[in-house]
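What follows is a short report on a single structure.
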Ligand code: GDP
């Protein structure tokens, strides 16, 4: 098959949601349609149980599952679909942000009763920053929830989206009868007890068809017609270009658990979702159709077995064909590398592959060469942009607890930071090392892994820092020098030697910005 054909059949996306909205359930139903799994319950949830903060078994279990579910690929109607797993737990939000750099679109799952929740807001914000096309799936229609139009309003207001419904529920909760599919212009009837089966489709000539009254009742039919009219008058018609540009988000309703409305979502998805997209490198825009291979590392996973310190680096292929045993260049190190057993992922297994194409993810065994954000090419000097770090929420000093193991500790910290477990900052003033994380859980993961994988012991010391601010300023100006002098106790460098101001409160940030207007502070390491 030609490279172009391979590209055209691929869709690589992520599902994002607040925990418990139904991401795992939806993933599983999608895989059932693809024939990738045979039964419900086959997909493991990568959720961390509540209150599991100090349970190392739980952390290890999480790591195991997270490698198993990193990429779930399946075929459906001549398309190859790659679902990239995004952890819902907020302590792993940074992981999710990075994974979002490797998707071409997302599906946002929202619980009909809970509406827009905190984690959804944060993740959608990241997608909006990157203009990632989004589809919205409102889930759990078999339960009593919010009114469909109220929810659409909420999605627009809280998530800052412009929506257009492509389906509408008929009733809800105990009165839930089915879904009018605006996209295909038919009605899906819901039968509550037939849970794993794909439900019946009612063919209608149009929305005035009397068969609707006969099937769902006169009252429900009347309401439906009014609502359809409302949709037409209030929401913009679906426009694929606007969706692809990230300016319009189609909404579907359904119940993942009951496998209801999922096929409609999937069918619309394969029709409208983008194929693998070009990606910006610092040097130029790289297009999937280019013959030469180029890709980037968005995730690194350490081996579960502490005796083998090899890791699996996940590469998203941006252009060309990736081939086994071919020489490629790790651009940052100008190092030539060859991979004899690159992995590809399916829903239920991983396999060694000979060739992979744009949109695909390959897992490469690595002994410590790769870093998150690295570019791998067929030789060209390219550096893909856009795996930023976000300011951590928690900060602690890290101290060596075993003077004989200083080297092991340094190496361990270095590699764990390459994996993106947390961020390291070094204070300018005295060289002390600070670990910043998104959640408290990471400190335990780091301590545990340093000990078990590197034989090093560390302790932490509390530190009162509110946010890490990446500094954008002309360092030769008097203003900058004055700022740096006044704030010298809080000046640090991140792992890439970029200057960072560690602010102790939001008040400090406001005051600093007022006093030093030309010293710009960013909560994200890459800014335009
Ligand atoms: P995740 O945290 O987003 O991955 O959510 P899960 O897929 O694990 O779902 C959370 C809970 O909601 C589970 O108990 C599911 O069985 C349940 N659930 C998922 N979809 C539906 C649905 O359509 N209706 C109902 N009633 N429950 C659902």
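Out of all the residues in region 243-251, is one or more outside any loop (DSSP other than H, G, I, E, B), closer than 30 Å to residue 207 by Cα and within 16 Å of the ligand (Cβ to nearest atom)? Scanning region 243-251, I find at least one residue that is outside any loop (DSSP other than H, G, I, E, B), closer than 30 Å to residue 207 by Cα and within 16 Å of the ligand (Cβ to nearest atom), so the answer is yes. Counting only strands (runs of 3 or more DSSP E) wholly contained in region 265-384, the ones carrying 1 or more residues that are closer than 26 Å to residue 15 by Cα occupy 294-302, 311-319, 343-345, 350-352, 361-366, 375-377.
Does any residue of region 51-66 turn out to be at pLDDT 75 or above and out of contact with any helix residue (DSSP H, G or I) (no Cβ under 7 Å at 6 or more places or on another chain)? Even if it seems obvious, please write down each step before you answer.
Going through region 51-66, the residues at pLDDT 75 or above turn out to be none.
No: zero hits.
Checked against (1) touching a helix residue (DSSP H, G or I) at 6+ places or on another chain (Cβ under 8 Å); (2) buried (at least 21 other Cβ atoms within 10 Å of the Cβ), residue 468 meets all criteria but (1). Would you mention how many residues in region 85-100 are under 17 Å from residue 71 (Cα atoms) and within 11 Å of the ligand (Cβ to nearest atom)? Selection size over region 85-100: 4.
Of all residues in region 252-278, those being over 15 Å from residue 108 (Cα atoms), within 12 Å of the ligand (Cβ to nearest atom) and modelled with pLDDT of 90 or more number 1. Quick one: count up the residues across region 130-148 that are touching a strand residue (DSSP E or B) at 6+ places or on another chain (Cβ under 9 Å) and either more than 14 Å from the ligand (Cβ to nearest atom) or closer than 17 Å to residue 265 by Cβ (or both). Number of matching residues: 13. Would you check if there is a residue in region 407-422 being in a strand (DSSP E or B) and surrounded by 22 or more Cβ atoms within 10 Å (Cβ to Cβ)? No, region 407-422 contains no residue that is in a strand (DSSP E or B) and surrounded by 22 or more Cβ atoms within 10 Å (Cβ to Cβ). In region 154-169, the residue that is surrounded by the most Cβ atoms within 10 Å (Cβ to Cβ) out of those that are at pLDDT 95 or above and under 13 Å from residue 112 (Cα atoms) is 155. Of the strands (runs of 3 or more DSSP E) that lie entirely inside region 467-528, those containing 3 or more residues that are in contact with a strand residue (DSSP E or B) (Cβ under 8 Å, 6 or more places away or on another chain) and in contact (Cβ under 8 Å) with a residue 60 or more places away in the chain span 467-472, 491-494. Among residues of region 14-29 that are in contact (Cβ under 8 Å) with a residue 12 or more places away in the chain and within 12 Å of residue 124 (Cα to Cα), those with a beta-carbon under 7 Å from a residue that is near the ligand (Cβ under 8 Å from one of its atoms) and not in a helix (DSSP H, G or I) at least six positions away or on a different chain give the pairs 15/109; 17/88; 17/109; 18/88. Here residue 421 meets the list (1) closer than 17 Å to residue 330 by Cβ; (2) modelled with pLDDT under 90 almost entirely, failing just condition (1).
Hey, does region 8-15 have a residue that's at pLDDT below 90, within 16 Å of the ligand (Cβ to nearest atom) and within 17 Å of residue 106 (Cβ to Cβ)? Working first, answer last.
Residues of region 8-15 that are at pLDDT below 90, as a first pass: none.
There is no residue in region 8-15 that is at pLDDT below 90, within 16 Å of the ligand (Cβ to nearest atom) and within 17 Å of residue 106 (Cβ to Cβ).
When the residues of region 391-406 are narrowed to those that are surrounded by 20 or more Cβ atoms within 10 Å (Cβ to Cβ) and within 21 Å of the chain's Cα centre (by Cα), which ends up modelled with the lowest pLDDT? Top of the filtered list is 391. Among the residues making up region 101-125, those that are away from the ligand (no atom under 16 Å from the Cβ) and under 9 Å from the mean Cα position of the chain (by Cα) are 101, 102, 103.
Can you confirm whether region 35-48 contains a residue that is at pLDDT 90 or above and more than 14 Å from the ligand (Cβ to nearest atom)?
From region 35-48, those at pLDDT 90 or above are none; that's our starting set.
Within region 35-48 (the criterion being at pLDDT 90 or above and more than 14 Å from the ligand (Cβ to nearest atom)), the answer is no, since none of the residues qualifies.
The values are calculated or read from the model by the stated rules, or taken from the named source; none is laboratory data. On a predicted model such as this, the values are computed, not experimentally measured, just so you know. Cβ coordinates were reconstructed from backbone atoms using ideal geometry, including for glycine residues, and neighbour counts include every protein chain displayed.
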